[in-house]
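The values are calculated or read from the model by the stated rules, or taken from the named source; none is laboratory data. Note that this is a predicted model, so its numbers are computed, not measured. With ideal geometry, Cβ positions are generated from the backbone for all residues, glycine too; neighbour counts draw on all protein chains shown. Accessible surface areas use protein heavy atoms only, side chains included; no ligands, DNA or RNA. Shrake-Rupley method; radii C 1.70, N 1.55, O 1.52, S 1.80 Å.
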Amino acid sequence: MKVSFRWLQDYVDIDVSPDVFAERMTMAGLEAEKIEHIGDSWDNVFVGLVRGVSQHPDADRLVLADIEAGEHQLTVVTGAPNIAEGQKVALALAGARLIDAYADELKYKTLKPGKIRGVMSEGMACSEKELGLSEEHEGIMILEPDAPVGVPLKDHLGDTVIEFEITPNLVHAFSMVGIAREASAVLDSDLRLPAVADLSNHASDDELVMNDAPGLCRRYIGVVIEGITVEPSPSWLTARLTRAGVRPINNLVDITNYVMLETGQPLHAFDRNLIETGRIVVRRGRVGDQIETLDHRIRDVDESTLLIADGQKTVALAGIMGGVDSEVVDSTTSILLESAHFDMVNVRHTSRRLKLRTDASTRFERGIDPELARSAAQRAVRLILDLCPDARVVAWNDTYPAPVEQRTVAMPFSRIERVLGIPVEADTVLDVLTRLEMQPTIDEENDSLTVHVPTWRSDISIPEDVVEEVARIVGYTELPATLPTGTTPVVERDPLFLLERFIRRTLVSAGLYEGRSYATLSDADVDQWSTTTSISLTGEIPSSNLVRLRNPVNSERPILRPAIVPSLLDDIATNLKHQTQVKLFEVAHVYSGTGEGELPDEPSHLAIVMAGHRHELSRFEAGSGGHDELDFWDVKGVLDTLFDRLRVPATYKPVEHPALHPGRTSQITCAGQALGIVGEAHPRIATGYGIEQRLSVAEIDVTVLMALRPDLDGMQITADQYLPAEQDFSIVVDNDAEAGRVEEILRRGAGPLVTDLVLFDVYQGGNLEPGKKSLTFRVTFTAPDRALTDKELAKNRTRIERALSNELGASLRS
């Protein structure tokens with residue numbers, strides 16, 4: 001939220017600089033994200049009075065303006081169409097740095113005297129764009145009539161705009177008055193509320209508002225004002241709106257926006273003559289309802305949408321945006337002013353569904369105070385009557401069936417010291433809470449503190465909230481900084497975390513890659529992997545305990561996975577399109593429901609999935625089928641390695657599962673407890689995921705494994721921390737050269753960084769010289785303590801090439 005420092009001082013006296021003020025507010029919990037100083041560059045720019053305007057002797061579109069600014073009296077040549085005698089303007093003298101209004105990008109120019117069509121122009125009457133106030137430059141900026149002539153413009157209009165981050169819990173500070181109230185407490189300065197009109201002096205019309213949805217509209221105030229004149233807003237109003245980031249439109253719309261910024265309460269003005277029945281009806285949407293909103297888009301609504309209607313047609317989306325059918329236009333003479341409180345959840349739901357977010361919806365979504373509606377309406381009426389002298393209030397109505405009740409928080413006074421760790425004097429606590437308008441009472445004899453929380457402080461509900469208010473106003477800097485005493489507590493790692501880490505390192509060292517899959521499954525996935533009683537590969541999660549999400553991110557995957565293997569198979573299928581071998585594992589949670597309204601159990605599982613060629617690059621295996629493919633025994637071998645290192649005596653016994661291949665499936669047990677299952681997926685399952693190769697899987701309940709092997713002391717597994725680098729070497733040698741000899745020289749030339757070396761291609765003929773052949777090796781380089789750089793790899797390649805040339809007379813194919 002952008003806060004004008006000048007505007008803020010209408011409500012509270014601030015005796016520190018803007019920068020110090022921003023720091024004080026940040027330390028009190030309102031973070032100042034950005035500070036912009038307006039007018040710092042306005043040197044040699046003054047408030048001037050136009051003494052006379054005459055036609056340029058040699059130009060039809062130029063005039064000569066005699067402008068006085070204290071001791072400065074200049075003649076200015078200008079083409080501004082709106083300059084007139086008696087106006088107060090911004091007069092720039094020679095040497096002033098102004099923005100070039102006609103440049104495509106931000107560009108400054110230094111003003112110099114010069115002749116324009118034969119007449120010397122000694123200065124410039126500035127537009128808003130040239131001063132950096134807005135994009136308006138069709139005419140000069142006209143100052144208010146009471147602007148002091150001769151005063152530097154930076155002293156008159158200069159300002160500092162502080163942008164505060166208003167978090168959702170600080171809705172009470174989402175306004176100028178809200179910031180001023182906070183500043184009043186922080187600086188211990190009196191708060192001045194803006195002047196308002198008293199609606200109780202005017203006739204109330206009970207037929208003006210009909211609220212058919214009191215659950216979604218807690219309060220609705222309607223005020224009918226006649227004798228309106230729609231015209232541009234005065235400069236003070238447009239300047240404040242502009243600095244707050246709001247575009248001025250006309251006096252009525254600007255007043256509603258101004259009051260929203262000032263009080264935090266969104267308002268809307270309807271053209272009363274376009275309200276067909278003369279009254280407002282607050283109701284839910286109906287099938288077929290539509291509205292064309294002010295952004296000229298036709299929007300369909302449903303029964304969950306709260307609407308403002310006139311009995312015949314829809315005129316607004318409640319709390320979000322008005323409709324064009326009741327829009328205030330230049331010819332409007334009578335308005336119905338709305339100030340209401342709408343349900344925060346409903347506004348947020350409608351705003352998101354329609355993809356329509358506005359300043360009003362942003363405030364309603366956070367839960368503003370229903371008590372704001374009356375004061376905001378009276379403030380808007382006051383401003384309308386001030387700016388439109390002929391305007392008058394003819395009727396109003398306040399529908400508020402269930403007023404909000406003020407909360408009371410009672411607590412032991414000693415809790416403040418117990419929470420903060422330092423004593424705070426009772427007088428200080430009373431002073432702070434009084435500044436925050438909480439009406440505190442302290443009974444030291446009975447160790448009690450009672451506060452009456454203002455309705456606008458929805459963030460205060462428990463004693464700790466009160467303690468926080470005391471701490472932030474007294475100042476967090478007042479809390480003493482002390483080093484901890486005593487012995488440092490022993491760090492105890494979670495045994496399950498240690499076991500999971502041990503499993504990961506073991507499997508990585510065995511050549512598997514760790515995957516990360518989605519935690520949700522589709523109904524089809526669950527059906528394929530279910531038995532008649534279970535939906536978990538480990539067999540302990542009953543089908544009745546399926547956990548289904550009410551609002552899933554992906555509507556096609558609404559079920560929290562009861563097993564990990566099904567969620568890895570899409571990844572296997574994708575990777576097999578790019579490589580001949582895929583070996584993945586994942587250690588993660590699965591989910592089992594425990595009852596209605598209860599959180600599910602989340603045991604930790606290990607899943608292993610393998611498919612493709614057993615030797616990824618070898619050209620000497622039997623081909624793409626048969627024993628060449630990864631199978632049940634490869635997965636079992638990895639599990640045996642894991643169990644051996646954990647010293648867990650696991651056993652295997654045949655078992656059947658509808659998703660796994662008959663005769664190639666085993667249940668894993670230990671000490672009479674089921675650990676999991678290992679097997680090959682049924683071809684029907686593999687084909688369903690687009691996998692033509694044999695698909696081998698395993699799933700282990702790590703939580704059960706933890707109970708069998710809780711102590712991991714003295715067990716260390718290290719895995720490479722840095723990614724390996726792979727390079728292919730095509731080596732041209734004589735036909736009678738042995739591949740083993742070439743491999744030996746390769747290893748010796750590459751040095752200790754070689755961790756793997758595979759011959760995967762032999763080529764003869766074609767572009768090679770007679771009597772020559774090409775052997776292609778894939779060499780894997782890994783360093784235990786760093787990631788290898790291109791420079792290191794290039795140096796290794798040169799060393800290998802030299803060794804091959806010297807010992808075999810071989811060369812590398814380019």
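Residues are listed down the side, and each one gets a yes or a no for (1) at pLDDT below 95; (2) over 25 Å from SER461 (Cα atoms); (3) of a type in the set (Gly, Ala, Ser):
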position: GLY178; (1), (2), (3): no, no, yes
position: ARG181; (1), (2), (3): no, no, no
position: PRO234; (1), (2), (3): yes, yes, no
position: TYR258; (1), (2), (3): no, yes, no
position: GLN265; (1), (2), (3): no, no, no
Legend entry - Count of the stretch 545-569 residues which are more than 30 Å from the chain's Cα centre (by Cα) and open to solvent by 20 Å² or more (accessible area, probe 1.4 Å): 2
Legend entry - Members of the stretch 540-572 that are of a type in the set (Gly, Ala, Ser) and modelled with pLDDT under 90: SER543, SER544, SER555
Legend entry - the stretch 237-270 - residue that is open to solvent by less than 10 Å² (accessible area, probe 1.4 Å) and of a type in the set (D, E, K, R) and, of those, nearest to CYS388 (Cα to Cα): ASP254
Inset, instruction - Any chance you could count how many residues in the stretch 138-157 are open to solvent by 50 Å² or more (accessible area, probe 1.4 Å) and over 17 Å from GLY52 (Cβ atoms)? - result: 6
Legend entry - In the stretch 769-814, the residues that are closer than 16 Å to ASP736 by Cβ, touching an Asp or Glu at 6+ places or on another chain (Cβ under 8 Å) and open to solvent by 60 Å² or more (accessible area, probe 1.4 Å): none
Inset, instruction - Please work out which residue is least open to solvent (accessible area, probe 1.4 Å), limiting yourself to the stretch 178-205 and to residues that are in contact (Cβ under 8 Å) with a residue 40 or more places away in the chain and within 19 Å of GLU226 (Cβ to Cβ). - result: LEU199
Legend entry - Residue identified as in a strand (DSSP E or B) and over 25 Å from ARG614 (Cα atoms) among VAL779, VAL733: VAL733
Legend entry - Search result, residues across the stretch 31-49 that are under 19 Å from GLY245 (Cβ atoms) and either under 28 Å from the mean Cα position of the chain (by Cα) or part of a strand (DSSP E or B) (or both): GLU31, ALA32, GLU33, LYS34, ILE35, GLU36, HIS37, ILE38
Inset, instruction - Report yes if ILE473 is farther than 30 Å from MET176 by Cβ and out of contact with any Gly (no Cβ under 8 Å at 6 or more places or on another chain), otherwise no. - result: no
Inset, instruction - Please specify each residue of the stretch 295-311 satisfying the condition of being surrounded by fewer than 20 Cβ atoms within 10 Å (Cβ to Cβ) and either over 17 Å from GLU276 (Cα atoms) or of a type in the set (A, V, I, L, M) (or both). - result: ASP295, HIS296, ARG297, ILE298, ASP300, ASP302, GLU303, SER304
Inset, instruction - Identify the single condition in (1) more than 30 Å from VAL429 (Cα to Cα); (2) at pLDDT 95 or above; (3) in a helix (DSSP H, G or I) that ARG218 does not satisfy, given that it satisfies every other one. - result: (3)
Legend entry - Qualifying residue in the stretch 339-353 (condition: touching a residue at least 12 places away in the same chain (Cβ under 8 Å), open to solvent by less than 60 Å² (accessible area, probe 1.4 Å), in a helix (DSSP H, G or I) and of a type in the set (D, E, K, R)): no
Inset, instruction - Select from the stretch 477-525 the residues that are among the acidic types (Asp, Glu) and in a loop (DSSP other than H, G, I, E, B) and write down the one among them that is nearest to LEU549 (Cα to Cα). - result: ASP494
Inset, instruction - Read through the list (1) of a type in the set (S, T, N, Q); (2) touching a Gly at 6+ places or on another chain (Cβ under 8 Å); (3) open to solvent by 60 Å² or more (accessible area, probe 1.4 Å), then give the number of the only condition that ASN397 fails. - result: (3)
Inset, instruction - May I ask you to list pairs of residues, at least six apart or on different chains, whose Cβ atoms are under 6 Å apart, with the first in the stretch 104-130 being among the polar types (S, T, N, Q) and the second being open to solvent by 90 Å² or more (accessible area, probe 1.4 Å) and in a strand (DSSP E or B)? - result: THR110/ARG97
Inset, instruction - Looking for whichever is part of a strand (DSSP E or B) and surrounded by fewer than 19 Cβ atoms within 10 Å (Cβ to Cβ) here; the options are GLU292, GLU231, GLU276. Which one fits? - result: GLU292
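Residue-by-condition table, conditions (1) part of a strand (DSSP E or B); (2) polar (S, T, N, Q); (3) touching an Asp or Glu at 6+ places or on another chain (Cβ under 9 Å); (4) closer than 22 Å to ARG799 by Cα:
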site	(1), (2), (3), (4)
ALA737	no, no, no, yes
ILE745	no, no, yes, yes
LEU759	yes, no, yes, yes
ASN767	no, yes, no, no
Inset, instruction - Can you work out which of the residues in the stretch 1-28 that are open to solvent by less than 50 Å² (accessible area, probe 1.4 Å) and under 26 Å from the mean Cα position of the chain (by Cα) is nearest to SER127 (Cα to Cα)? - result: SER4
Legend entry - Unique match (being without any contact (Cβ under 8 Å) to a residue 40 or more places away in the chain, of a type in the set (D, E, K, R), assigned to a helix (DSSP H, G or I) and farther than 30 Å from ASN551 by Cα) among GLU445, GLU469: GLU469
Legend entry - The listed residue being assigned to a strand (DSSP E or B), touching a residue at least 12 places away in the same chain (Cβ under 8 Å) and buried (at least 16 other Cβ atoms within 10 Å of the Cβ), out of VAL161, VAL171: VAL161
Inset, instruction - Have a look at ASP390, ASP459, ASP398 and point out the one that is part of a loop (DSSP other than H, G, I, E, B), touching a residue at least 12 places away in the same chain (Cβ under 8 Å) and more than 35 Å from the chain's Cα centre (by Cα). - result: ASP390
Legend entry - Conditions (1) under 30 Å from PHE502 (Cβ atoms); (2) surrounded by 15 or more Cβ atoms within 10 Å (Cβ to Cβ); (3) not polar (S, T, N, Q): number failed by GLU726: (2)
Legend entry - Close pairs (9 angstrom Cβ cut-off, 6 or more residues apart or separate chains): assigned to a loop (DSSP other than H, G, I, E, B) in the stretch 644-658, of a type in the set (D, E, K, R) anywhere: ARG647/ARG709; VAL648/ARG709; ALA650/ASP640
Inset, instruction - Give the residues of the stretch 65-79 that are crowded, with 22+ Cβ neighbours inside 10 Å and assigned to a loop (DSSP other than H, G, I, E, B), sorted by residue number. - result: none
Legend entry - Output for the stretch 554-587, where each listed residue is in a loop (DSSP other than H, G, I, E, B) and among the basic types (Lys, Arg): ARG557, ARG561, LYS577
Legend entry - Search result, residues across the stretch 467-519 that are in contact with a Ser or Thr (Cβ under 8 Å, 6 or more places away or on another chain), open to solvent by 20 Å² or more (accessible area, probe 1.4 Å) and more than 30 Å from ILE416 (Cβ to Cβ): LEU496, GLU500, ARG505, SER509, ALA510, SER517, TYR518, ALA519
Inset, instruction - Can you tell me which residue among ARG218, ARG181, ARG192 is under 41 Å from the mean Cα position of the chain (by Cα) and under 30 Å from THR350 (Cα atoms)? - result: ARG218
